[in-house]
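Chemist: A single structure is presented below for examination.
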Amino acid sequence: MHLSAFLLPLAASLAAAVPSARASKASSMPTVSLDYSTVQAVAGNETLGYYKYQNIRFAAVPTGDLRFAKPEWPSVESVINNGTTYASQDVDCGSYEDCLYMDVWAPANAKGKKLPVVVWTYGGGFTSGSKSKSTPEGLFDLSKGFIFVAFNYRLGMTGLANSVTAVHQGATDNVALYDVEHAYKWVKKYIRNFGGDPDDITAVGFSAGASMHLFMMTRFGGHNEQLFNKAYLTSPGFVPGAGHHQGEMFWQNVSTAAGCSGGDLSCMRKVPFSNLSDIASDVRQAYGYQFQPRVDGDFIADTYESQLYQGRFNFSGPLVITHEQHENNGSPTSGVNTTADVRSELRTFFPAITEDVIDEILELYPESDYTSPGYRFADIRQSFDLTAHDYALTRALNNNTWNAMVALNQASHGTDQSYYWYNTYSLLPSTSSKSAPAAGSGVTIAGNISPNPTVARKMQKYLLSFVLTANPNTKWAGDKIHWPKYGANATEIVFNSTMYTMEDDLANAKSLYWNKALWY
Ligand SMILES: *[C@@H]1O[C@H](CO)[C@@H](O)[C@H](O)[C@H]1NC(C)=O
Ligand SMILES: *[C@@H]1O[C@H](CO)[C@@H](O)[C@H](O)[C@H]1NC(C)=O
Ligand SMILES: *[C@@H]1O[C@H](CO)[C@@H](O)[C@H](O)[C@H]1NC(C)=O
Ligand SMILES: *[C@@H]1O[C@H](CO)[C@@H](O)[C@H](O)[C@H]1NC(C)=O
Ligand SMILES: *[C@@H]1O[C@H](CO)[C@@H](O)[C@H](O)[C@H]1NC(C)=O
Ligand SMILES: *[C@@H]1O[C@H](CO)[C@@H](O)[C@H](O)[C@H]1NC(C)=O
Ligand SMILES: *[C@@H]1O[C@H](CO)[C@@H](O)[C@H](O)[C@H]1NC(C)=O
Ligand SMILES: *[C@@H]1O[C@H](CO)[C@@H](O)[C@H](O)[C@H]1NC(C)=O
Ligand SMILES: CC(=O)N[C@H]1CO[C@H](CO)[C@@H](O)[C@@H]1O
């Protein structure tokens, strides 16, 4: 009551001072010139202290001959891109093929500065998610000393179709990974136009989006430039399934259903996007196919674990890497009722696995440790899909890393995301029901949790301190406990209602076994 009584006259006087505020709003928004486009902010203002530039094309429209192909630079644009010129606010690659857009959120006074840059890569099992699923309003409450970038990468059939037949006809495997690489190349080339420092980029990613960065570090066997200067990776997810055979069978099955006999590439490039997506989804369900990056001998020379152990990567930190206490083992895997089901589920995930390897896995996860086969498989998957990756990267960086275990709420996959992305308002409320992870695509991602705001702010401060100073401890030091590096004692912080440090237990026989990928 009191508040609105106070605000009404203020609003009236503002309207009087700026008579046509509504009409002139769009044209008065700041613009940023790039050598191929002029982009105009879609939201934000000086009082708020930042602006959002939306749906910047960072790559050419990936349709026609560019389907199943590496991303290319976009062509010159003749009209001002006001954020909705080419696509709607929440455009995502699961629903639209013309989806390679990026959002840049920049402080109001950034031009001419060299601010640290956060590049955010979403998760969703390589089949779902979008750049607008998580937004930085809450982070900007704490600091306006950074630029925030989020981008889409191709998903599922158009992002991760891997077929030797298609490659022999000129296609490229793993194009979703090239999209991520291209987004970083765009940031390095253009972010200074927004006031960002191309030599101070922090990669922040979750699940598939965290794994993307292990692929970037190890791409081309480690023989390539670093795309980012530091990384804050939460729960990297990836199933190192198998090589050419299953990818080819899937391609053939989809192409047959699409009327492209023999998997002909030029035919497959003409199938309407929605038909292709629907067919791929049906075929996937028929045998539990995993849309995952696969070794192509080029961008992915070998599983990233294998390359991390061999030192074939180009990244030296600083690095934060975290996992949940119960990424996947808090509930049983449905449909896994007997030990025979556990074995057959392993064959589904790893089509080339042999019986002796399955035997060894079952010995590492003894039946007596679990209340049911469903819980046993859920725990096995927690290791191979998620936690074993954390140890591989920590070890590769000689333990010179900051590690965390999340024990908040149910501590299932993605619980921490509600904390890092906690905010009290949305600059632009979502226009779509943000696409939920498709069934079977990955480990279930925790739904929206109402986080404890005090804990959420602490986690945001660790993240932003890392972004601003390359150390999660430096800023807001009095507001949170000291987070030591992993070091010789395998120390990790535990994110819970009360935070503390303890010894990490991921350097175990299970992680070491999975990191060998003996079915590959
Ligand atoms: C600035 O933007 C915020 C968020 O959209 C809005 O609440 C506020 O009214 C705007 N302020 C001005 C002066 O336009
Ligand atoms: C943005 O641009 C499109 C066409 O480029 C136009 O139709 C639309 O009205 C513009 N929106 C605003 C808010 O100016
Ligand atoms: C690793 O990255 C750095 C920084 O981008 C670059 O200077 C160096 O040449 C890269 N190393 C290799 C082997 O490509
Ligand atoms: C695409 O799907 C629609 C709806 O199911 C169908 O009518 C159309 O024939 C399909 N087009 C092709 C080229 O398969
Ligand atoms: C496991 O049990 C469920 C429920 O009893 C049943 O629907 C399902 O078919 C069983 N799965 C297998 C693989 O037997
Ligand atoms: C890293 O941590 C592991 C697990 O505790 C330990 O075995 C290893 O000795 C440590 N390595 C270094 C270089 O501290
Ligand atoms: C590791 O643990 C040992 C034994 O408790 C202790 O003496 C040492 O200070 C610890 N090192 C670090 C870096 O915390
Ligand atoms: C996290 O906090 C909850 C609530 O206080 C507690 O029940 C749980 O045991 C804690 N977990 C860990 C691993 O500290
Ligand atoms: C579900 C499906 O269509 N599976 C077929 C995929 O193709 C192989 C041969 O390449 C068949 O054996 C499967 O039945």
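The values are calculated or read from the model by the stated rules, or taken from the named source; none is laboratory data. The model shown is predicted, which means the values in this text are computed figures rather than measured ones. Here Cβ is always computed from backbone atoms with ideal geometry, including for glycine, and neighbour counts include all displayed protein chains.
Chemist: Quick one: Glu492 ticks every box in (1) part of a loop (DSSP other than H, G, I, E, B); (2) surrounded by 14 or more Cβ atoms within 10 Å (Cβ to Cβ) except a single one, so which number is it?
Modeler: So Glu492 meets the others, but not (1).
Chemist: Residues to consider are Thr333, Thr348; find the one that is of a type in the set (Ser, Thr, Tyr) and assigned to a helix (DSSP H, G or I).
Modeler: Going through Thr333, Thr348 in turn, the sole match is Thr348.
Chemist: What are the residues in segment 62-95 that are within 19 Å of the chain's Cα centre (by Cα) and either within 16 Å of ligand 8 (Cβ to nearest atom) or surrounded by 18 or more Cβ atoms within 10 Å (Cβ to Cβ) (or both), if any?
Modeler: Within segment 62-95, Pro71, Gln89, Asp90, Val91, Asp92, Cys93, Gly94 qualify.
Chemist: Can you find a residue in segment 448-462 that is modelled with pLDDT under 95, more than 16 Å from ligand 2 (Cβ to nearest atom) and exposed (fewer than 13 other Cβ atoms within 10 Å of the Cβ)?
Modeler: yes
Chemist: Turning to a different aspect of this structure: Has segment 250-257 got at least one residue that is modelled with pLDDT of 95 or more, closer than 24 Å to Trp120 by Cα, buried (at least 18 other Cβ atoms within 10 Å of the Cβ) and polar (S, T, N, Q)? Before you say what the answer is, go through the steps one by one.
Modeler: Taking segment 250-257 and keeping what is modelled with pLDDT of 95 or more, we get 250-257.
Cutting the leftovers down to closer than 24 Å to Trp120 by Cα gives us none.
No, segment 250-257 contains no residue that is modelled with pLDDT of 95 or more, closer than 24 Å to Trp120 by Cα, buried (at least 18 other Cβ atoms within 10 Å of the Cβ) and polar (S, T, N, Q).
Chemist: Based on what the data block shows, is Arg284 out of contact with any Ser or Thr (no Cβ under 8 Å at 6 or more places or on another chain), part of a helix (DSSP H, G or I), away from ligand 1 (no atom under 16 Å from the Cβ) and of a type in the set (Lys, Arg)?
Modeler: Against the criterion (out of contact with any Ser or Thr (no Cβ under 8 Å at 6 or more places or on another chain), part of a helix (DSSP H, G or I), away from ligand 1 (no atom under 16 Å from the Cβ) and of a type in the set (Lys, Arg)), Arg284 qualifies.
Chemist: Given the criteria part of a loop (DSSP other than H, G, I, E, B), within 16 Å of ligand 8 (Cβ to nearest atom) and at pLDDT 95 or above, does Thr424 qualify?
Modeler: no
Chemist: Then there's this: Going through Thr424, Thr348 one at a time, which residue ends up being surrounded by fewer than 17 Cβ atoms within 10 Å (Cβ to Cβ), of a type in the set (Val, Ile, Thr) and within 16 Å of ligand 1 (Cβ to nearest atom)?
Modeler: Unique residue meeting the criteria: Thr424.
Chemist: For Asp98, all conditions in the list (1) in contact with a Pro (Cβ under 9 Å, 6 or more places away or on another chain); (2) surrounded by fewer than 16 Cβ atoms within 10 Å (Cβ to Cβ); (3) modelled with pLDDT of 95 or more; (4) more than 24 Å from Gln292 (Cα to Cα) hold save one; what is the number of the exception?
Modeler: (4) is the only condition that Asp98 fails.
Chemist: Please specify each residue of segment 469-520 satisfying the condition of being farther than 30 Å from Val357 by Cα, away from ligand 8 (no atom under 13 Å from the Cβ) and of a type in the set (S, T, N, Q).
Modeler: Quick first cut of segment 469-520, residues farther than 30 Å from Val357 by Cα only: 469-489, 491-502.
With away from ligand 8 (no atom under 13 Å from the Cβ) added as a condition, the list becomes 469-489, 491.
Residues satisfying the conditions are Thr469, Asn471, Asn473, Thr474, Asn489, Thr491.
Chemist: Tell me whether segment 422-437 contains one or more residues that are over 28 Å from Phe349 (Cβ atoms) and among the basic types (Lys, Arg).
Modeler: no
Chemist: State all residues of segment 474-518 that are touching a helix residue (DSSP H, G or I) at 6+ places or on another chain (Cβ under 7 Å), away from ligand 6 (no atom under 16 Å from the Cβ) and among the small types (Gly, Ala, Ser); if no residue qualifies, say none.
Modeler: Ser497, Ala517
Chemist: May I ask you to verify whether Lys189 is surrounded by fewer than 22 Cβ atoms within 10 Å (Cβ to Cβ) and either part of a loop (DSSP other than H, G, I, E, B) or free of Cβ contacts under 8 Å to residues at least 24 places away in the same chain (or both)?
Modeler: yes
Chemist: Of the conditions (1) among the hydroxyl-bearing types (Ser, Thr, Tyr); (2) crowded, with 16+ Cβ neighbours inside 10 Å; (3) more than 16 Å from ligand 7 (Cβ to nearest atom); (4) assigned to a loop (DSSP other than H, G, I, E, B), Tyr486 fails just one. Which one is it?
Modeler: Among (1) among the hydroxyl-bearing types (Ser, Thr, Tyr); (2) crowded, with 16+ Cβ neighbours inside 10 Å; (3) more than 16 Å from ligand 7 (Cβ to nearest atom); (4) assigned to a loop (DSSP other than H, G, I, E, B), the lone unmet condition for Tyr486 is (3).
Chemist: Right, another one. Name every residue in segment 50-83 that is under 21 Å from Lys185 (Cα atoms) and without any contact (Cβ under 8 Å) to a residue 24 or more places away in the chain, in order of residue number.
Modeler: Those that are under 21 Å from Lys185 (Cα atoms) and without any contact (Cβ under 8 Å) to a residue 24 or more places away in the chain: Leu66, Glu72.
Chemist: Next up: Out of the residues in segment 223-277 meeting the condition of being in a loop (DSSP other than H, G, I, E, B) and of a type in the set (D, E, K, R), tell me which one is nearest to ligand 1 (Cβ to nearest atom).
Modeler: Among those that are in a loop (DSSP other than H, G, I, E, B) and of a type in the set (D, E, K, R), it is Glu225.
Chemist: When residues of segment 111-132 are filtered for being assigned to a loop (DSSP other than H, G, I, E, B) and buried (at least 22 other Cβ atoms within 10 Å of the Cβ), how many remain? Show your work before the answer.
Modeler: Applying the first criterion (assigned to a loop (DSSP other than H, G, I, E, B)) to segment 111-132 yields 111-114, 122-132.
Filter again for buried (at least 22 other Cβ atoms within 10 Å of the Cβ), leaving 122-132.
Number of matching residues: 11.
Let's see how each residue does on (1) under 18 Å from Gly159 (Cβ atoms); (2) touching a Gly at 6+ places or on another chain (Cβ under 9 Å); (3) of a type in the set (A, V, I, L, M):
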| site | (1), (2), (3) |
| --- | --- |
| Gly83 | no, no, no |
| Ala87 | yes, no, yes |
| Ser95 | yes, no, no |
| Asp98 | yes, no, no |
| Trp105 | no, yes, no |
| Lys111 | no, yes, no |
| Thr127 | yes, yes, no |
| Thr135 | no, no, no |
| Leu139 | no, no, yes |
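Chemist: Another question, if that's okay. Taking the stated definitions as given, is Val320 in contact (Cβ under 8 Å) with a residue 40 or more places away in the chain, more than 16 Å from ligand 1 (Cβ to nearest atom), touching a Leu at 6+ places or on another chain (Cβ under 6 Å) and closer than 30 Å to Met216 by Cβ?
Modeler: Criteria not met by Val320.
Chemist: Taking the residues in segment 329-366 that are of a type in the set (A, V, I, L, M) and in contact (Cβ under 8 Å) with a residue 40 or more places away in the chain as candidates, determine which candidate is farthest from ligand 3 (Cβ to nearest atom).
Modeler: Per the criteria, the residue is Val336.
Chemist: Out of the residues in segment 46-61 that are hydroxyl-bearing (Ser, Thr, Tyr) and surrounded by 13 or more Cβ atoms within 10 Å (Cβ to Cβ), state the one that is nearest to ligand 4 (Cβ to nearest atom).
Modeler: Step by step, filter segment 46-61, then rank; the result is Tyr53.
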